[in-house]
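J.: Sharing a structure here in structure tokens format.
The values are calculated or read from the model by the stated rules, or taken from the named source; none is laboratory data. The shown structure was predicted, so the numbers you read here are calculated from the model rather than taken from an experiment. Every residue, glycine among them, receives a Cβ derived from its backbone with ideal geometry; neighbour counts consider all protein chains shown. In case anyone asks, the SASA skips ligands and DNA or RNA and just uses the protein heavy atoms, side chains included. Shrake-Rupley method; radii C 1.70, N 1.55, O 1.52, S 1.80 Å.
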Amino acid sequence: MDLQAIRADFPILADERYVYFDNAATSQRPRQVLEAIDNFYRTTNANPLRGLYEWSIGATEAYEKARSRVARFLNAERDEEIIFTRNATESLNLVAYTWAMANVNEGDEIVISIMEHHSNILPWQMVAKKKGAVLKFLEYDEKFNFSDEELKKITDKTKLVAMTYVSNVLGVTNPVKKVAELAHKVGAVMVVDGAQSTPHKKVDVQDLDADFYAFSGHKMLGPMGIGALYGKRELLDAMPPFLTGGEMIETVTREGATYAELPHKFEAGTVNAGDAVGLAAAIDYLEDIGFDFIVNQENRLSKLCLEAMRDLPYITLYGPLETGRHSGIVTFNIEGCHPHDVSSVLDSEHICIRAGHHCAQPLLQYIGVNATARASMYFYNTDEEVERFVESLKKVRGWLGFE
Amino acid sequence: MDLKQIYREIVNEHNLHPEHKRDLANPTYVLQGVNPTCGDDVNIQVELDENGVITDASFSGAGCAVSQASSDIMIDQIIGKNKEEALQFIETFMEMVHGTASEEEIESLDEAAALSDVAHMPARAKCATLAWHTMEKILKGEE
Ligand SMILES: Cc1ncc(COP(=O)(O)O)c(C=O)c1O
């Protein structure tokens, strides 16, 4: 695979002054995605699912084709198991407000991990508070694994387990398949936060046996404002709707309504067909490149970056020693320097990295730091960019007045 | 001014060798300010005499160089002012940040005027103003 040819697909990467290493926050988009969205609005735009004329039917078809594409991508059994949402956050909230509010009761337990993004913590805190349930955290050991002992926190009282497949701070991949098995043994449902895994690895929701799987399009070359929730059909069927209004009903009378079939029951209001089409194009692009290439390239870059940073005595790295466990995510601190200052001075070199708590404050408290810097690479990043980044890192302490 | 120059000429010195980073023995007021976007906090301590004059002040807490330097500079200039003068001084600083202060007013800010460029960086304005907002809350709450 020719990396320069890949980069040429991304208009924003043409400006070589910039090194974009904040891919875990949001990726860049190739022209194929931009063109698919543009083409939708230029040629097929009408309100999907409503009109009885050609354009509206075309918009509906484009939208449903995108759903089908997502279903195939995640290996869902059926198309209607894919609910389009705005992002992973909305997908997780959907599960919390519908399934969890209906099924979690006083004294029940919800188990999540300590490395969750706030999006996979706050919805469960809300359910636990409203329902009088207990929220428990699984803590990882010094090798970034969850011990069998720790996993015993999943008990007969557990109704729901939620875990991120890939951590947005440590980069590690969690054993969600094994955890799903443990959850199912005690009759709990398994919610997988796929925001960071979907961009980086082939996902098979049936193999994982996830009951729910949430992700965002914008972290995997798709547009902002579109994401999806996968849910097993039996569960989705039995759940009350999340939002109510147009397009999610069968009939409405003055007294009440009966709801539409899946997936429309969960897609109230005019849907985001243009971005769904963009997401489908992003999936096409990723599969054309192939996850073998993506994983290889990310691991190569992680190795190059981590090994160079390990030689710098004033740098603390967070996350596993094994360079193949990072999914392109390198989280670090520079002795004496606040990550905000690090990010600001790197910005003046046109190097884009993230600094702060990465929406994972309980994890940072567990690690014992207030904030960190994070460089996150994707398959279109290059060795030269890693080298530029490392060379600039070496100067940061000097710029901040240390000598 | 280029960012690295701002650090070199203003921020680094106050960050690495802050004059007012310590705890007061008998503070009249203590207030913690938190920057919600990063979780950084600054703890401002003030000692007022019976005439409302700030006889001593200090700061502590974890933060970036910009917020630490900004705290140090503010406190340095606010000691010795009475409440009204201090509030006026803070208001002028905020006006500079919002781009509505006149050149004369900016000059009256003395060393704090040097923070103008950082305060205008969208990503760092909150770091630069955290201590000022916190001090303002203390002085207003006292009225
Ligand atoms: C692990 C993880 N979960 C959830 C999210 C939330 O994604 P979004 O903001 O697109 O809803 C993110 C994004 O930062 C993430 O990294």
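J.: Rounded to the nearest 5, what is the percent of antiparallel bridges among the DSSP beta bridges in chain A?
T.: The antiparallel proportion sits near 55 percent.
J.: Then there's this: Whenever you get a sec, compute what percent of the accessible area on chain A sits on carbon and sulfur atoms (1.4 Å probe).
T.: 49 percent
J.: Which order, highest average first, do A:159-170, A:135-146 follow once you tally other Cβ atoms within 10 Å for each residue and take the mean per peptide?
T.: Highest to lowest by the protection proxy: A:159-170, A:135-146.
J.: Using only alpha carbon pairs under 8 Å that are at least six residues apart, calculate the relative contact order of chain A and give it in whole percent.
T.: The value is 21 percent.
J.: Per the helix-only calculation at 222 nm, which mean residue ellipticity applies to chain A, given -39500 (n - 2.57) for every DSSP H run of n ≥ 4 and division by its residues, nearest 500 deg cm²/dmol?
T.: -11000 deg cm²/dmol
J.: Then there is this: Under 27 Å between alpha carbons, and skipping anything fewer than 8 positions from A:Lys65 in its own chain: which lysines qualify?
T.: Qualifying lysines at Cα under 27 Å: A:Lys201, A:Lys202, A:Lys219, A:Lys232, A:Lys265.
J.: For chain A, what log10 I(q)/I(0) values come out of the Debye formula at q = 0.08, 0.12, 0.15 1/Å, with one point per alpha carbon and no solvent?
T.: Debye output, listed in q order: -0.45, -0.97, -1.37.
J.: Then there is this: When the accessible area of each residue in region B:108-125 is compared between its chain alone and the complete protein assembly (1.4 Å probe; ligands, DNA and RNA ignored), which residues differ by at least 40 Å², being lower in the assembly?
T.: Residues passing the criterion (a loss of at least 40 Å², heavy atoms only) are B:Arg124.
J.: Could you list the chymotrypsin sites (Phe, Trp or Tyr not before Pro) in region A:229-300 that lie in coil according to DSSP, counting only those with at most 11 other Cβ atoms within 10 Å of their Cβ?
T.: Sparse-neighbourhood loop chymotrypsin sites (Phe, Trp or Tyr not before Pro): none present.
J.: Quick one: the Cα spread of region A:289-403 along its three principal axes, in angstroms, biggest first?
T.: 43, 32, 23
J.: Using the Cα centre of region A:33-287 as origin and beta-carbon charges of +1 (Lys, Arg) and -1 (Asp, Glu), tell me which of A:Ile112, A:Phe146, A:Leu135 is placed farthest towards the positive end of the dipole.
T.: Of A:Ile112, A:Phe146, A:Leu135, it is A:Leu135.
J.: Same structure again: Taking 1 over the mean of 1/r across every pair of different Cα atoms in region A:70-173, what Kirkwood radius in Å do you get?
T.: 14.9 Å
J.: Another question, then. Anything losing 50 Å² or more of accessible area from the isolated chain to the full protein assembly: pick those residues out of region A:322-341, probe 1.4 Å, ligands and DNA/RNA ignored.
T.: Checking the loss per residue gives A:His338, A:His340, A:Asp341.
J.: From the backbone phi of region A:374-379, what are the Karplus-calculated ³J(HN,Hα) couplings (6.51 cos²θ - 1.76 cosθ + 1.60, θ = phi - 60°) in whole Hz, Gly and Pro given as x?
T.: Each residue of region A:374-379 in turn: 9, 9, 10, 9, 10, 5 Hz.
J.: Under 17 Å Cα to Cα from A:Lys185, which aspartates and glutamates show up? Leave out anything in the same chain fewer than 8 places away.
T.: Straight-line reach from A:Lys185, under 17 Å: A:Asp108, A:Glu109, A:Asp148, A:Glu149, A:Glu150, A:Asp156, A:Asp207, A:Asp209, A:Asp211.
J.: Follow-up question, since we're still on this one. Aspartates and glutamates near B:Lys137 by alpha-carbon distance under 14 Å, same-chain residues fewer than 8 away left out - which ones?
T.: B:Glu84, B:Glu91
J.: Among A:Lys265, A:Lys178, A:Lys65, which one shows the highest mean-square fluctuation when chain A is modelled as a Gaussian network with alpha-carbon springs under 10 Å?
T.: Maximum fluctuation in the GNM of chain A, among the listed residues, is at A:Lys178.
J.: On to the next question. Return the loop-located trypsin sites (Lys or Arg not before Pro) in region A:180-258 (DSSP other than H, G, I, E, B) with at most 10 other Cβ atoms within 10 Å of their own Cβ; answer none if there are none.
T.: A:Arg254
J.: Could you run the numbers on buried accessible area between A and B, total for both chains, 1.4 angstrom probe, in Å² to the nearest 100?
T.: The contact between B and A buries close to 1400 Å².
J.: Let me make sure I get this right: for region A:169-210, a, b and c are the square roots of the gyration tensor eigenvalues over alpha carbons, sorted descending. Under 1.5 in a/c it's rounded, otherwise prolate if a/b > b/c, else oblate. Which is it?
T.: prolate
J.: Magnitude of the Cβ-charge dipole of chain A, K/R +1 and D/E -1, about the Cα centre, nearest 20 debye?
T.: 640 debye
J.: Expressed as a rounded percentage, what relative contact order does chain B have, with Cα pairs under 8 Å and six or more residues apart?
T.: Across chain B, relative contact order equals 26 percent.
J.: Oh, and also: Counting Lys and Arg as +1 and Asp and Glu as -1, what is the net charge of the other residues whose Cβ lies under 12 Å from the Cβ of B:Asp117?
T.: That sum, taken over residues with Cβ under 12 Å, equals 0.
J.: Follow-up question, since we're still on this one. Which one of A:Tyr380, B:Thr28, A:Ala100 has its Cα pushed farthest toward the positive end of the charge dipole of the protein assembly as shown, where Lys and Arg give +1 and Asp and Glu give -1 at the Cβ?
T.: A:Ala100
J.: Between helix A:273-289 and chain A, what is the angle of the helix's C-alpha long axis to the longest principal axis, kept within 0 to 90° and rounded to the nearest 10?
T.: Approximately 50 degrees, to the nearest 10.
J.: Any chance you could list P(r) for region A:194-277, counting all Cα-Cα pairs in 5 angstrom bins from zero, rounded to whole %?
T.: The calculated distribution, bin by bin, is 3, 13, 20, 19, 19, 14, 7, 3, 2, 0.
J.: Anyone know which of A:Arg69, A:Arg310, A:Arg29 comes out most mobile in the 10 Å Cα GNM of chain A?
T.: Answer for the Gaussian network model of chain A: A:Arg310.
J.: For chain A, modelled as a GNM with alpha-carbon contacts under 10 angstrom, which of A:Gly328, A:Gly256, A:Gly368 fluctuates the most?
T.: Per the Cα network of chain A with a 10 Å cutoff, A:Gly256 tops the list.
J.: What is the sum of charges, Lys and Arg at +1 and Asp and Glu at -1, for the other residues whose Cβ falls under 13 Å from the Cβ of A:Ala282?
T.: -2
J.: Please give the per residue accessible area of region A:33-287, computed with a probe of 1.4 Å over protein heavy atoms only, in Å².
T.: 41 Å²
J.: Here is a follow-up. Report in % the part of the accessible area of region B:3-139 that belongs to carbon and sulfur, leaving out ligands and nucleic acids; probe 1.4 Å.
T.: Answer for region B:3-139: carbon and sulfur cover 46 percent of the accessible area.
J.: Compute the FRET efficiency between B:Glu103 and A:Ala102 as 1/(1 + (r/R0)^6), taking r as their Cβ-Cβ distance and R0 = 51 Å, and round to the nearest 0.05.
T.: Efficiency at R0 = 51 Å is approximately 0.20.
J.: So what's the gap between the Cα centers of region A:218-267 and region A:348-383, to the nearest angstrom?
T.: First find each Cα centre; the distance between them is then 34 Å.
J.: Just how far, in whole angstrom, is region A:63-84 from region B:64-133 if you go by their alpha carbon centroids?
T.: Each part's Cα centre sits 54 Å from the other's.
J.: Over the residues of region A:124-165, compute the C-alpha Rg and express it relative to 2.2 N^0.38 Å.
T.: Computed over Cα atoms of region A:124-165, the ratio equals 1.29.
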